[in-house]
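Worksheet: one structure, shown below.
The numbers here are math on the coordinates, done by the rules we state, and not lab data. Note that the structure is predicted; figures quoted are calculated from it, not measured. Please note: Cβ atoms are built from the backbone with ideal geometry, for glycine as well, and neighbour counts cover all protein chains shown.
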Amino acid sequence: MNIEEIGKLIGEEISKEPGIAFYPGGFKPPHKGHFAAAQQLAAKPYITQVRVLIGHGERGGITAQQSKAIWDLYLKAQPNPKISVEIAKNKSPIRDIYQWFADDLNRKAYVAAAGKEADDLKYFEGLKNAYGDRVQEEIVDDQFVDSDNERVSGSDFRSTIATLRQRYLDVKNNPGDKKALNNYNTTYLYFKSLFPEAVIQKGYLDEIQKVLGINFPEPTSLQEGQPNPKNQPQWIWLEYKTQNKLNPIIFGDDEKVDPEVKDLLLKIANYFWEGLEIPQPFEDVLLTGSSVNYNYTPTSDIDLHIVVDFSKFDNPELLKKYFDEAKINWNRVHDLKLGKQNIEVYVQDTNDHPEYRGEYSLMNDKWLKKPSFEEIDIPDKEIEKKAKIFKQQINKLEKTGKNNPEKSIELINKIKERLKNFRQTGLDKGGEYSLENLAFKNLRNTGYLEKLNKLKNTLVDKTLSLTESVDKNSLFEKFMSYACQELQIKNPPTFEVRYEFGEEQPSFGAYVPSKHHIFINPSNRNMVDILRTLAHELVHAKQNELGLLTPESGETGI
């Protein structure tokens, strides 16, 4: 993207007047989607402050005071000086906004909501009718979603708490019941997924539970009397043990795939294959892996293998690469689940025979290889020994990787390739219960694979972002020149990159009229956002050149 394209992209936003944004709602309780929306508003350079307004009403026993206490913990975990939270003075937060506009006829502001809420609640229409162009709509992305990418409302959140309370009682009243424990584990993990990641990482979940008057323990504390030498969460521990029945989300009491599940999975396979635009039909669709064995867990992937005879094609090796790339793209774009379990699509050669303990043909609706129940108890120390070397490498990269992002990205790619070969070797040699495969699952379940992916994304962003070594030939100066020309600024301001503003200037950019000088903070931001802020401050420079700025400009958030 060249400078002109970037300029056109942000041109519309830099023309917006600076002002505060109201974000009203019930927030009983607030969840990660609400917090993400507030952050999204705060990131916009023309929004000077985000005022979160909490409604008075009590919902499901959750009060406005509890809501504010949770918002405060969110901001404690991930501070943002542009976001303030208050309980509405009136019964409705919308009434507060009406009153704010009525108190001063010169006031202008943005009023925000997620797209679907704005359509449902219709409060923009009333505000616009009352105050005209003084009210500007600010629609934020509909980020009110859970770990399944499904929209979550406050009532959904409250319902989850009620369900978790019941499942906790089921576990306490039925000690040793694996089904009750698995149900609790699954719901608890879902419950945790509704909070911002920073809250979980910094250990504020217990404080939030106290605010809500609940105390749901981590699954590890519910395993009294069960052998678990590593004190691992039950859903991880079960990966190395066996359960006494097949996965009930897939199989009926007759140990055949549920007809509705079979139809859904075949539909997914057909849709995937049609997208490849290959004239030859596939030969079968198999279910394999731990999801069709006795070692499934609430986090097991459902491995959907489309079987194809590679020998019927001219270049099997090239075809395999094509299928692998198609699989990666498909699984990246389509977040398909059966219950809480991910559905992973893969193309398998008919001549490839992995040592899976269970294989079920969906097209023929029968077992090709039916697993038998047997007690499996793999020593944790053996699994940990296999996984340890990868954990050490990932931990070291996490500490030192930022010193040389390009080299670290190369190392990450090598680790991922080694992991892939490591796991496949184990599957080919010993099947699902090979130490290599179980070590791979250990890395996945303990968060190391996710950590590796996040680290790579961070390093890639760093290599594509601006650093402190910006000089006169940088993109900053090129964009300054372009924007000054577009805005017809006769005397371009001086410019400085500053990574810490301090309390006196907490925003991402500032224009100082008395010095005709601009500060920009590029920390942890992508290129377009940085340049958007720079363009916004250049508009202020143009306003100053035209004599439109006064000493009071910006004091009221206008």
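Label LYS388 and SER155 with points 7 Å out from Cα along Cα→Cβ: what is the distance between them in nm?
5.3
Between ASP253 and ASP335, 0.36 nm times their residue separation minus their Cα-Cα distance comes to what?
26.7 nm
Enumerate the calculated ³J(HN,Hα) couplings along region 360-370 in order (Karplus 6.51 cos²θ - 1.76 cosθ + 1.60, θ = phi - 60°), each rounded to whole Hz, writing x wherever the residue is Gly or Pro.
Coupling constants for region 360-370: 10, 7, 6, 5, 9, 6, 7, 6, 8, 8, 8 Hz.
Give the peptides 247-259, 37-49 in descending order of average Cβ contacts within 10 Å, highest first.
Output ranking for 247-259, 37-49: 37-49, 247-259.
Given H placed 1.01 Å from N in the peptide plane, which residues other than close sequence neighbours of ILE87 have an amide H under 5 Å from its amide H?
Excluding prolines and chain starts, which carry no amide H, the hits are ILE54.
As an exercise, use a Förster radius of 60 Å and the Cβ-Cβ distance of ALA130 and LYS76 to find the FRET efficiency, rounded to the nearest 0.05.
Computed FRET efficiency for ALA130 and LYS76: 0.95.
Give me ARG444, ARG165 ranked fewest to most by other Cβ atoms within 10 Å of their Cβ, as a rough exposure proxy.
Final ranking by Cβ density, sparse to dense: ARG165, ARG444.
Run the simple label-point estimate for TRP367 and ILE214 please: 7 Å along Cα→C-beta, distance reported in nm.
Spacing of the two 7 Å Cα→Cβ label points: 3.9 nm.
Amide H neighbours of GLN348 under 5 Å, at least 5 residues apart or on other chains, H built in the peptide plane: list them.
ILE306, VAL307, VAL308
Greater than 32 Å separation of Cα atoms is the criterion. Which listed pairs, LYS267/LYS321; LYS381/LYS429; LYS108/LYS542; LYS245/LYS399; LYS210/LYS456, meet it?
In this structure, LYS245/LYS399; LYS210/LYS456 exceed 32 Å between Cα atoms.
What is the magnitude of the charge dipole of region 259-369 about its Cα centre, with +1 placed on the Cβ of each Lys and Arg, -1 on the Cβ of each Asp and Glu, and no other charges, expressed in debye to the nearest 20?
For this selection, approximately 360 debye.
Considering only Cα-Cα distances, which of the following residue pairs are longer than 19 Å: LYS337/LYS454; LYS262/LYS370; LYS312/LYS366; LYS420/LYS441; LYS262/LYS369; LYS337/LYS366?
Checking Cα-Cα distances, LYS337/LYS454; LYS312/LYS366; LYS337/LYS366 exceed 19 Å.
Once phi is turned into θ = phi - 60°, what whole-Hz ³J(HN,Hα) does the Karplus curve with 6.51, -1.76 and 1.60 give for every residue of region 189-198, x standing for Gly and Pro?
4, 5, 4, 4, 5, 7, 9, x, 4, 4
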